[in-house]
Amino acid sequence: MDLLLILTYTAICIAIFKIFKIPLNKWSIPTAILGGVILIGTLVLLMNYNHPYSAFAKAVFVSVPINPAVRGVVKEVNVTPNVPIKKGDVLFTIEPKPFEAIVMQKRAALTAAEQEVPQLEAAWKTATASVERATADRDRTRSAYQRYEKGRKQAGANSPFTELELDNRRQLYIASQAQLVAAEAEELRVRLAYESNVDGVNTKVAGLRAELDKAEFDLEQTVVIAPSDGMVTQMALRPGIIAVPMPLRSVISFIPDEERYFAGAFLQNALLRLKVGDEAEVILDGAPGQVFKGKVAKVLPAMAEGEVQSTGSLIPSSMLMQPGRVVVLIKVEEDAVMKSFPVGAAGQIAIYTEHFHHVAVMRKVLLRMQGWLNYLYH
């Protein structure tokens with residue numbers, strides 16, 4: 001753009017020399033050159049300082065990598081590339097039969113587990129009855145053993161109970177006591193299995209319900225839908241391809257239909273003047289002669305040239321030698337017109353601050369001249 005200004009001044013000087021027939025001598029030529037250096041230098045400094053310009057600008061957009069949540073063979077591709085679609089429209093489907101089989105398997109296991117709950121209750125009641133019976137047997141054998149033992153002690157050698165009979169009664173009592181312990185242990189095991197609950201639901205049933213929910217979710221993920229309004233472009237997905245849920249290898253690039261911004265890379269000293277809300281104009285390489293009006297929407301608060309991440313490696317000093325540029329987002333007023341151009345289209349931006357308004361006219365003229373040059377080359 002500075003070259004355009006120099007060429008314009010040169011053309012004006014040539015016209016003045018020709019029209020007024022000024023002689024070319026050692027006074028006229030140096031005067032024109034020196035005057036041009038002073039005039040153009042002053043105008044360029046005022047213009048660049050108060051009304052910054054960037055030749056590095058593009059219509060930025062976000063693409064959403066579409067990855068399936070499950071692994072499987074692509075059964076059908078339902079989306080047509082480069083055609084706008086709505087949120088919820090089917091992009092592609094994965095063969096659902098393996099996932100349907102898993103759902104059926106989990107449902108069968110859940111039904112069997114739900115039927116086991118009343119069986120556990122019946123087993124608990126049976127175990128409780130066994131404890132009561134073992135308790136009664138223990139009490140009966142203990143009573144008999146105590147009677148034999150008491151009679152043996154009181155009658156001595158004349159006791160009608162022999163030592164062998166007393167020993168048999170003692171062994172019967174010990175055996176009944178052991179049976180009671182075994183019955184109580186079995187009752188405890190069955191009771192714990194029956195009373196093992198999560199939020200009032202048997203733990204096995206709850207676990208199988210969770211597995212069934214996961215299986216049903218996986219089955220639903222065999223149908224991949226559009227996350228929002230937008231468009232799919234440059235699609236290479238075809239039926240028969242094995243889709244794998246890998247974040248670094250998407251199967252479709254989806255471009256959401258959302259508000260677009262034009263981003264420009266400005267020199268850092270441009271921050272001294274520009275602010276959010278300043279008037280801006282945008283020209284596109286693909287739209288010669290057209291100027292789109294807009295406003296500064298955002299000055300990004302971070303620059304990639306200063307980014308540091310924890311990688312275990314030392315930071316090279318060469319990183320500090322890259323000054324970088326400030327990224328400024330421009331919201332173009334003619335959004336419908338901008339959408340007629342491909343996203344990512346390149347162009348140039350000029351921002352007009354509230355300082356030195358009369359100099360802004362020159363920036364606008366130069367920007368339009370730059371736009372006309374797009375007819376000649378790209």
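The values are calculated or read from the model by the stated rules, or taken from the named source; none is laboratory data. Everything numeric in this text was worked out from a predicted model, so none of it was measured. For neighbour counting, all protein chains shown are included, and Cβ atoms are generated from backbone atoms with ideal geometry for every residue, glycine included. All accessible areas refer to the heavy atoms of the entire protein, side chains included, with ligands and DNA or RNA removed. Shrake-Rupley method; radii C 1.70, N 1.55, O 1.52, S 1.80 Å.
Positive end of the charge dipole of the chain (Lys, Arg +1 and Asp, Glu -1 on Cβ, about the Cα centre): tell me which of Ala108, Gln119, Asn269 has its Cα farthest that way. It is Asn269, whose Cα lies furthest towards the positive end. With both labels modelled 7 Å from their Cα along Cα-to-Cβ, the Asn67 to Ala178 distance reads 6.2 nm.
Between Ile22 and Glu279, the simple label model (points 7 Å from Cα in the Cβ direction) yields a spacing of 3.3 nm.
Residues His357, His51, sorted by accessible area with the largest first, give His357, His51 [1.4 Å probe; ligands and nucleic acids excluded]. When only the Cβ of Lys, Arg, Asp and Glu is charged (+1, +1, -1, -1), the dipole of the chain relative to its Cα centre reaches about 880 debye.
Taking 0.36 nm per residue of sequence separation and removing the Cα-Cα distance, the Leu267/Thr80 pair yields an extension gain of 63.1 nm. Put Tyr53, Tyr148 in order of accessible area, highest first, and with a 1.4 Å probe you get Tyr53, Tyr148. Using Cβ point charges alone (K and R +1, D and E -1), the dipole size of region 245-378 about the Cα centre works out to roughly 200 debye. Placing dummy labels 7 Å off each Cα toward the beta-carbon, the span from Tyr375 to Leu300 is 3.5 nm. Each part gets one Cα centre, and for region 189-230 versus region 349-367 those centres are 64 Å apart. Extension gain for Lys364-Met319 works out to 12.6 nm (0.36 nm per residue, less the C-alpha to C-alpha distance).
Stretching the chain fully between Ala101 and Asp229 yields a gain of 42.8 nm (0.36 nm per residue, less the alpha carbon separation). For region 226-366, the gyration tensor built on C-alpha atoms gives an oblate shape. Its axis ratio a/c (a ≥ b ≥ c) is at least 1.5, and a/b is not larger than b/c.
Specify, per residue and in Å³, the volume enclosed by the convex hull of the alpha carbon atoms belonging to region 56-124. Walk me through the intermediate numbers first.
Values: hull volume 12.4 nm³, N = 69.
Taking the convex hull of the Cα positions in region 56-124, it is 180 Å³ per residue.
Could you tell me the distance between the Cα centroids of region 280-324 and region 115-145, to the nearest Å? First find each Cα centre; the distance between them is then 80 Å. Rounded to the nearest 0.05, the FRET efficiency derived from the C-beta distance between Ala185 and Gln115 at R0 = 30 Å is 0.70.
By how many degrees, 0 to 90 and rounded to 10, does the Cα axis of helix 203-220 deviate from the longest principal axis of the chain? Helix 203-220 sits at roughly 30 degrees to that axis.
The helix-only estimate of mean residue ellipticity at 222 nm for the chain, built from DSSP H runs of length n ≥ 4 each weighted as -39500 (n - 2.57), is -16000 deg cm²/dmol after division by the residue total. What would the Debye equation give as log₁₀ I(q)/I(0) for the chain at q = 0.10 Å⁻¹, counting only Cα atoms as equal point scatterers? Listed by q, the Debye log ratios stand at -0.92. Candidates Pro239, Ala210, Phe292 compared by Cα position along the dipole of region 198-296: farthest toward the positive end lies Phe292, with charges placed on Cβ. Out of the total accessible area of the chain (probe 1.4 Å, heavy atoms of protein only), what percent is carbon and sulfur? About 61 percent, which is the carbon plus sulfur part of the accessible surface. In a reduced charge model with +1 at each Lys and Arg Cβ and -1 at each Asp and Glu Cβ, region 1-90 shows a dipole moment near 80 debye about its Cα centre. Looking at the P(r) of region 267-311, how many percent of alpha-carbon pairs lie beyond 15 Å? Percent of Cα pairs beyond 15 Å in region 267-311: 63. Principal-axis analysis of the Cα atoms of the chain puts helix 163-195 at an angle of about 20° to the longest axis. Comparing Ala193, Ala109, Ala182 in a Gaussian network model of the chain, where Cα atoms under 10 Å apart are tied by springs, the biggest mean-square fluctuation is seen for Ala182. Each peptide among 307-316, 172-181 gets the average number of other Cβ atoms lying within 10 Å of its residues, and from highest to lowest they stand as 172-181, 307-316.
Within the same chain, lysines fewer than 8 places from Lys18 are excluded, and of the rest, those with a Cα less than 29 Å from its Cα are Lys26, Lys364. Distances between placed amide hydrogens fall under 5 Å for Ile225 paired with Leu91, all partners being 5 or more residues away or on another chain.
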